[in-house]
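Novice: Structure below; questions to follow.
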Amino acid sequence: MDSVRTLIIGAGVSGLATAAALSERKDDDYVVLEADREIGGWCKTVKKDGFVWDYSGHFFHFKHPEIERWLRERMPGQRIRVVEKKSFIWFGGRWIDFPFQKNIHQLPRADFIDCLHDLYFARSSDVKRDAPAPEDNFKEMLHARFGKGICDRFLVPYNEKLYACDLATLDKDAMGRFFPYADLTDVVRNMKAPDNASYNATFTYPEGGAIEYVRALASAVRKGGVSLQEGLVSVDLARKVATTTRRELRFERLVSSAPFHRFADLCRLEHDPSTWAYNKVLVFNLGFDRKGKPGVHWAYFPSRETSFYRVGWYDNIFETDRMSLYVEIGFPRDAEIDGPAMRSRVLADLEREGIVAGHRLVAEHSVVMDPAYVHITRRSMAEHARLTARLREANVHSIGRYGGWTYCSIEDNMLEARALVVGWNS
Ligand SMILES: Cc1cc2nc3c(=O)[nH]c(=O)nc-3n(C[C@H](O)[C@H](O)[C@H](O)COP(=O)(O)OP(=O)(O)OC[C@H]3O[C@@H](n4cnc5c(N)ncnc54)[C@H](O)[C@@H]3O)c2cc1C
């Protein structure tokens with residue numbers, strides 16, 4: 001039987017960042033098992049007929065300059081664009097600046113009055129973003145802080161389309177720092193002094209696509225350290241032996257970035273499968289023969305009539321002359337997706353919303369991200385804590401967006417992987 005000191009599952013950002021951190025410590029007795037034929041996980045890029053698309057729009061906002069520097073040092077010759085974000089909401093036939101809740105003064109008059117009235121009388125509209133939220137769930141939090149007007153027009157339909165669930169099942173902090181809070185004062189101030197700054201007011205994007213950050217990570221992994229098309233099949237926690245699609249492997253410690261509910265099954269941990277709710281996202285990447293709307297990077301679509309919840313324009317990031325879109329549609333975890341039917345519907349919706357206007361589709365790609373957004377609920381948090389504590393007793397660690405059952409960025413993935421490795425005695 002082969003043996004390895006550190007067995008890493010998944011060659012996405014989390015798995016590769018773990019391997020890179022180990023290499024830096026010269027502790028390179030590790031192997032990364034990747035079930036897919038390529039590295040990158042959800043951070044892959046597709047190039048077709050001159051178009052560059054990620055699996056879904058991936059844009060980067062580094063809070064830690066040392067992380068960004070580390071990556072850039074490993075991307076020689078790669079041009080990285082720094083872009084000032086332009087994002088909108090398509091509502092009632094007009095473009096409203098994002099976030100909706102701070103720009104209600106741009107709505108038609110009757111909608112504006114409803115939203116402002118309900119915001120004023122909302123239960124917690126004056127609660128500051130960092131104050132502990134007394135509400136019970138995400139939907140209640142939205143209503144308590146923003147009132148019915150804003151909820152009915154944007155926050156509820158948009159998030160229901162994205163998460164594909166009843167928002168009352170989500171924890172009140174399900175979106176963490178990614179939720180753009182605004183209190184009554186912020187909203188009123190924004191009417192005369194626009195300040196739509198957010199965590200991603202400017203973003204970076206490599207010209208070769210998101211995969212370039214993954215390649216930078218992979219360049220720090222020892223040669224032969226990744227085994228592609230080798231899936232983890234089961235883990236015997238007591239014997240510390242992993243069975244893969246090719247072999248048995250004894251390990252000292254194991255780091256998994258596989259989706260937690262699946263990994264828990266592979267480890268034969270007893271758990272209730274209904275705890276792990278999530279959505280999947282169908283993405284269409286579409287390339288057209290000529291330019292479309294300029295000056296927008298992505299836009300949100302709350303209308304329930306429209307199939308997609310978000311559309312992005314790569315050509316306005318790359319400043320190229322052919323419209324290059326990503327289109328995202330959310331589905332519940334168990335939904336059967338009829339790809340061709342959805343494709344027809346998406347193309348019709350793009351025409352109806354005026355995004356496509358006589359353009360000719362010249363290239364396309366689609367992918368289902370499954371899972372895409374995990375549903376963070378009280379139950380999932382408690383179960384994840386209970387089961388990961390049990391895994392840690394066997395020196396097994398479940399990390400990353402899906403291993404950690406959380407909402408995070410690739411920078412968070414890198415920080416988590418580094419912190420885990422730093423915590424080990426060499
Ligand atoms: C729609 C969408 C948009 C996003 N946009 C952004 C953005 O703009 N900016 C940003 O920073 N982040 C963004 N993210 C988040 C980002 O994609 C993730 O944080 C990151 O890709 C997660 O990396 P990971 O390695 O934790 O997981 P993954 O990318 O899921 O990698 C896990 C890997 O494990 C492999 N694996 C699973 N099971 C097994 C097994 N049994 N055996 C072997 N291998 C296995 C998988 O094949 C996969 O390669 C977005 C996510 C989504 C869904």
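Novice: Does the stretch 100-115 include one or more residues that are closer than 15 Å to His297 by Cβ and in contact (Cβ under 8 Å) with a residue 60 or more places away in the chain? Lay out the reasoning, then the answer.
Specialist: Initial filter on the stretch 100-115 (closer than 15 Å to His297 by Cβ): none.
Checking the stretch 100-115: not a single residue is closer than 15 Å to His297 by Cβ and in contact (Cβ under 8 Å) with a residue 60 or more places away in the chain.
Novice: Is the stretch 108-119 home to any residue that is out of contact with any Lys or Arg (no Cβ under 7 Å at 6 or more places or on another chain), at pLDDT 95 or above, in the same structural domain as Gly57 (by TED's automatic domain parsing) and assigned to a helix (DSSP H, G or I)?
Specialist: no
Novice: I would also like to ask the following. Look at the stretch 43-66 and say how many of its residues are out of contact with any Gly (no Cβ under 6 Å at 6 or more places or on another chain), among the charged types (D, E, K, R) and within 15 Å of Val367 (Cα to Cα).
Specialist: 3
Novice: Is it the case that Arg401 is within 11 Å of the ligand (Cβ to nearest atom) and assigned to a helix (DSSP H, G or I)? Break it down stepwise before answering.
Specialist: Numbers: within 11 Å of the ligand (Cβ to nearest atom): yes; assigned to a helix (DSSP H, G or I): yes.
Answer is yes for this residue.
Novice: Taking strands (runs of 3 or more DSSP E) that fall entirely within the stretch 1-100, which contain at least 2 residues that are more than 21 Å from Thr202 (Cβ to Cβ) and within 9 Å of the ligand (Cβ to nearest atom)? Even if it seems obvious, please write down each step before you answer.
Specialist: Details: elements: 2-9, 30-34, 45-48, 51-54, 80-84, 87-91, 94-97.
The qualifying strands (runs of 3 or more DSSP E) are 30-34.
Novice: Only one residue in Val82, Val52, Val46 is loosely packed, with under 13 Cβ neighbours inside 10 Å, in contact (Cβ under 8 Å) with a residue 40 or more places away in the chain, among the hydrophobic types (A, V, I, L, M, F, W, C) and on the phi < 0 side of the Ramachandran plot. Which one?
Specialist: Working: Val52 fails: loosely packed, with under 13 Cβ neighbours inside 10 Å; Val46 fails: loosely packed, with under 13 Cβ neighbours inside 10 Å.
Val82 is the lone residue from the list that is loosely packed, with under 13 Cβ neighbours inside 10 Å, in contact (Cβ under 8 Å) with a residue 40 or more places away in the chain, among the hydrophobic types (A, V, I, L, M, F, W, C) and on the phi < 0 side of the Ramachandran plot.
Novice: Taking the stretch 250-262 as the region of interest, how many residues are near the ligand (Cβ under 7 Å from one of its atoms) and within 15 Å of Leu33 (Cα to Cα)? I'd like the intermediate steps shown before the answer.
Specialist: Filtering the stretch 250-262 down to residues near the ligand (Cβ under 7 Å from one of its atoms) leaves 257-259, 262.
Now narrow it down to the ones that are within 15 Å of Leu33 (Cα to Cα): 257-259.
Count: 3.
Novice: Then there's this: Being farther than 24 Å from Arg5 by Cβ, surrounded by 20 or more Cβ atoms within 10 Å (Cβ to Cβ), among the β-branched types (Val, Ile, Thr) and more than 10 Å from the ligand (Cβ to nearest atom) is the requirement here; does Ile376 meet it?
Specialist: Values: farther than 24 Å from Arg5 by Cβ: yes; surrounded by 20 or more Cβ atoms within 10 Å (Cβ to Cβ): yes; among the β-branched types (Val, Ile, Thr): yes; more than 10 Å from the ligand (Cβ to nearest atom): yes.
Taking the combined requirement at face value, the residue satisfies it.
Novice: Here's a follow-up. Between Gly224, Gly231, Gly209, which is within 15 Å of the ligand (Cβ to nearest atom) and farther than 30 Å from Pro180 by Cβ?
Specialist: Details: Gly224 fails: within 15 Å of the ligand (Cβ to nearest atom); Gly209 fails: farther than 30 Å from Pro180 by Cβ.
Answer to the selection: Gly231.
Novice: Next question. Of (1) within 16 Å of the ligand (Cβ to nearest atom); (2) farther than 30 Å from Gln106 by Cβ, Phe179 satisfies all except one. Which?
Specialist: With (1) within 16 Å of the ligand (Cβ to nearest atom); (2) farther than 30 Å from Gln106 by Cβ applied to Phe179, the lone miss is (2).
Novice: For the stretch 310-362, what are the residues that are more than 28 Å from Ala277 (Cα to Cα) and touching a helix residue (DSSP H, G or I) at 6+ places or on another chain (Cβ under 8 Å)?
Specialist: Asp321, Arg322, Met323, Ser324, Leu325, Val356, Ala357, Leu361
Novice: For Ile337, are the conditions met, namely being within 16 Å of the ligand (Cβ to nearest atom) and without any contact (Cβ under 8 Å) to a residue 60 or more places away in the chain?
Specialist: Details: within 16 Å of the ligand (Cβ to nearest atom): yes; without any contact (Cβ under 8 Å) to a residue 60 or more places away in the chain: yes.
Yes, satisfied.
The values are calculated or read from the model by the stated rules, or taken from the named source; none is laboratory data. Computed from a predicted model, the values in this text were never measured in an experiment. Virtual Cβ from ideal backbone geometry, glycine too; neighbours counted across all protein chains shown.
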